1. If I ask for residues that are among the hydroxyl-bearing types (Ser, Thr, Tyr), closer than 21 Å to residue 28 by Cα and touching a Gly at 6+ places or on another chain (Cβ under 7 Å), which ones from the stretch 46-98 would you list?
2. Criterion first (surrounded by fewer than 11 Cβ atoms within 10 Å (Cβ to Cβ) and within 21 Å of residue 101 (Cα to Cα)) does residue 43 satisfy it?
3. Which one is surrounded by the fewest Cβ atoms within 10 Å (Cβ to Cβ) among residues in the stretch 63-120 that are of a type in the set (Phe, Trp, Tyr) and not in a strand (DSSP E or B)?
Amino acid sequence: MCSNTTCGLCGILRTSFDLKFYKGKTGWGRFGCGLYTSSTSSKSDSYTSNKTVSQNKAMILAKVVVGRGYKMTTDATTLTAPPANYHSVLGEPDASGSLNYDELVVYDNDAIRPAYLIVY
């Protein structure tokens, strides 16, 4: 791990995921303020960046407790929790929606844990 206090990867490895650090790297969150994951590695790769010059990239493979997932195909940027009686949001691509890849969003820090570090 590096000593850079702004390194999100090392911060997650040290203390796990934390919603208080949610910044919406893209300037917005498709499903609001949550912890985003995807089973599509190329989607996840598009969110990787290096704080220092390196030929390698890294991403975390996480264990996520989905519970009862609410399926959505269109944006809901104001969410701060899943709909009532649900535990997570499952963003699923379809022909009429705005999603190109699957997304899973949880809104509870205890629903996600880093499991593996993948360096490529």
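FYI, it's all coordinate maths here, none of it is from the lab. Only a predicted model underlies this, so the values are computations on that prediction, with no experimental measurement involved. So basically every Cβ, Gly included, is an ideal-geometry build from the backbone, and we count neighbours across all protein chains shown.
1. Selection gives 73, 74, 77, 78, 80, 88.
2. Judged against the criteria, residue 43 is not a match.
3. Going residue by residue through the stretch 63-120, those that are of a type in the set (Phe, Trp, Tyr) are 70, 86, 101, 107, 116, 120.
Still in the list and also not in a strand (DSSP E or B): 86, 101, 107, 120.
On the way: 86: 16, 101: 15, 107: 20, 120: 9.
Among those that are of a type in the set (Phe, Trp, Tyr) and not in a strand (DSSP E or B), it is 120.
Residue by residue, here is whether (1) closer than 19 Å to residue 110 by Cα; (2) surrounded by 12 or more Cβ atoms within 10 Å (Cβ to Cβ) holds:
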position: 3; (1), (2): no, no
position: 10; (1), (2): yes, yes
position: 50; (1), (2): no, yes
position: 57; (1), (2): no, yes
